[in-house]
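Everything on this sheet refers to the single structure shown next.
The values are calculated or read from the model by the stated rules, or taken from the named source; none is laboratory data. A quick note: this is a predicted structure, and the numbers were derived from the prediction, not measured. Cβ atoms come from the backbone with ideal geometry, glycine included; neighbour counts cover every protein chain shown.
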């Protein structure tokens, strides 16, 4: 896996920090990969992300990807407390080559009402974990809509409630596309241990620090 270092946000959707508040509301459509991900920018501390996945005559919007900053690697969490559909959450490392590598994922929480990534370590024995503060990509989709690389599924789930590491056949390669039918609707993700992505200077791209590598030990089958 490539080592995350630094990258330049050039093509991600950036909103005016003056419009940002503790509750980030999706601007337009947060995309499906790094190039179209929505950077959560502002001043202070974001407390939630609210958005919508839809299928209509215009087309399908079955996953949303956001760039966020994890400020507390040991105590962060992403908690889908409100949604109108069965959600799935995915956290990705971002490399200097602007590729997304699988890190953590959850389908159903055992202690909350929706998908829940609670802290740095996978619960599936894979050894995947968040090591450092920095910029990561957080994605949400409806059930059965999942990320794949050129070699297959990035994640596998032995149970619906595990926090999975990237232990699928495609786990060592970067995100290529999303597959599967996915449910749609509105969602609200509560955030803890998370900060805004750096606000760029006017007319210039932002230079951002990337988060840590995945510490991964393959699960024996």
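The lone criterion from (1) in contact with a strand residue (DSSP E or B) (Cβ under 8 Å, 6 or more places away or on another chain); (2) touching a residue at least 40 places away in the same chain (Cβ under 8 Å) left unmet by residue 99 is number (1).
Scanning the stretch 70-90 for residues that are surrounded by fewer than 19 Cβ atoms within 10 Å (Cβ to Cβ), part of a loop (DSSP other than H, G, I, E, B) and under 14 Å from the mean Cα position of the chain (by Cα) gives no hits. Exactly one residue out of 120, 147 is on the phi < 0 side of the Ramachandran plot and more than 13 Å from the chain's Cα centre (by Cα): that is 120. When 213, 175, 208 are checked against the criterion of being in a loop (DSSP other than H, G, I, E, B), at pLDDT below 90 and within 17 Å of the chain's Cα centre (by Cα), 213 stands alone in meeting it.
Got a sec? Which of 170, 182, 165, 195 is modelled with pLDDT of 95 or more, closer than 30 Å to residue 84 by Cβ and over 15 Å from the mean Cα position of the chain (by Cα)? Testing whether each residue is modelled with pLDDT of 95 or more, closer than 30 Å to residue 84 by Cβ and over 15 Å from the mean Cα position of the chain (by Cα) leaves just 170.
Among the residues of the stretch 49-64, those identified as closer than 14 Å to residue 86 by Cα and assigned to a strand (DSSP E or B) are 52, 53, 54, 63.
Within the stretch 150-167, how many residues are crowded, with 21+ Cβ neighbours inside 10 Å, touching a strand residue (DSSP E or B) at 6+ places or on another chain (Cβ under 8 Å) and in contact (Cβ under 8 Å) with a residue 40 or more places away in the chain? Total satisfying the criteria: 6.
Say whether the condition of being farther than 18 Å from residue 65 by Cα, assigned to a loop (DSSP other than H, G, I, E, B), at pLDDT 95 or above and within 15 Å of the chain's Cα centre (by Cα) is met by at least one residue in the stretch 132-139. Reasoning before the result, please.
Filtering the stretch 132-139 for residues farther than 18 Å from residue 65 by Cα gives 132-133.
Imposing the further condition that a residue be assigned to a loop (DSSP other than H, G, I, E, B) reduces the set to 132-133.
Pick out the ones that are also at pLDDT 95 or above and you get 132-133.
Going one step further and asking which of them are within 15 Å of the chain's Cα centre (by Cα), we end up with 133.
Checked against the condition, which is being farther than 18 Å from residue 65 by Cα, assigned to a loop (DSSP other than H, G, I, E, B), at pLDDT 95 or above and within 15 Å of the chain's Cα centre (by Cα), the stretch 132-139 yields at least one hit.
If you go through the stretch 67-96 and keep only what is touching a strand residue (DSSP E or B) at 6+ places or on another chain (Cβ under 6 Å), modelled with pLDDT of 95 or more and farther than 19 Å from residue 52 by Cβ, you end up with 69, 70, 71, 76, 77, 91, 92, 93, 94. Scanning the stretch 121-134 for residues that are surrounded by fewer than 24 Cβ atoms within 10 Å (Cβ to Cβ) and either closer than 21 Å to residue 38 by Cβ or touching a strand residue (DSSP E or B) at 6+ places or on another chain (Cβ under 7 Å) (or both) returns 121, 123, 124, 129, 133, 134. The residue of the stretch 30-66 that is modelled with the lowest pLDDT, among those that are touching a helix residue (DSSP H, G or I) at 6+ places or on another chain (Cβ under 8 Å) and surrounded by 14 or more Cβ atoms within 10 Å (Cβ to Cβ), is 42.
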